[in-house]
Amino acid sequence: MNEQNEKICLSCDRTDGQVPLLHLTFKDETKYICAQCLPVLIHKTHTLAEKLPGIEIISDKAD
């Protein structure tokens, strides 16, 4: 969370005053994501890797 304890979507940076946010935790840190960006977290996780350091990116391609 940022310095002012604002709840901000980790993908689009909108606040809970602008859109409803879902609460999640990762490595004991609180994060928030809006419903519109939830598919990004599910299907394009690699695009959020910078905001979620250490996240494991699983390829959907069969080896």
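The values are calculated or read from the model by the stated rules, or taken from the named source; none is laboratory data. From a predicted model like this one, the values you see are computed outputs, not experimental measurements. Cβ placement follows ideal geometry from the backbone for every residue including glycine, while neighbour counts extend to all protein chains displayed.
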Legend entry - Condition check for GLN36: surrounded by fewer than 18 Cβ atoms within 10 Å (Cβ to Cβ) and either touching a residue at least 24 places away in the same chain (Cβ under 8 Å) or touching a helix residue (DSSP H, G or I) at 6+ places or on another chain (Cβ under 7 Å) (or both): yes
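Here is a yes/no grid of residues against (1) of a type in the set (S, T, N, Q); (2) modelled with pLDDT under 90; (3) not in a loop (DSSP other than H, G, I, E, B):
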residue	(1), (2), (3)
THR25	yes, no, yes
THR30	yes, no, yes
GLN36	yes, no, no
PRO39	no, no, yes
LEU52	no, no, no
ILE57	no, yes, no
ALA62	no, yes, no
Inset, instruction - Tell me which of these LEU48 doesn't satisfy, since it passes every other one: (1) modelled with pLDDT of 95 or more; (2) in contact with a helix residue (DSSP H, G or I) (Cβ under 8 Å, 6 or more places away or on another chain). - result: (1)
Legend entry - Residue under evaluation SER11, criteria (1) in contact with a helix residue (DSSP H, G or I) (Cβ under 8 Å, 6 or more places away or on another chain); (2) modelled with pLDDT under 95; (3) assigned to a loop (DSSP other than H, G, I, E, B), criterion not met: (2)
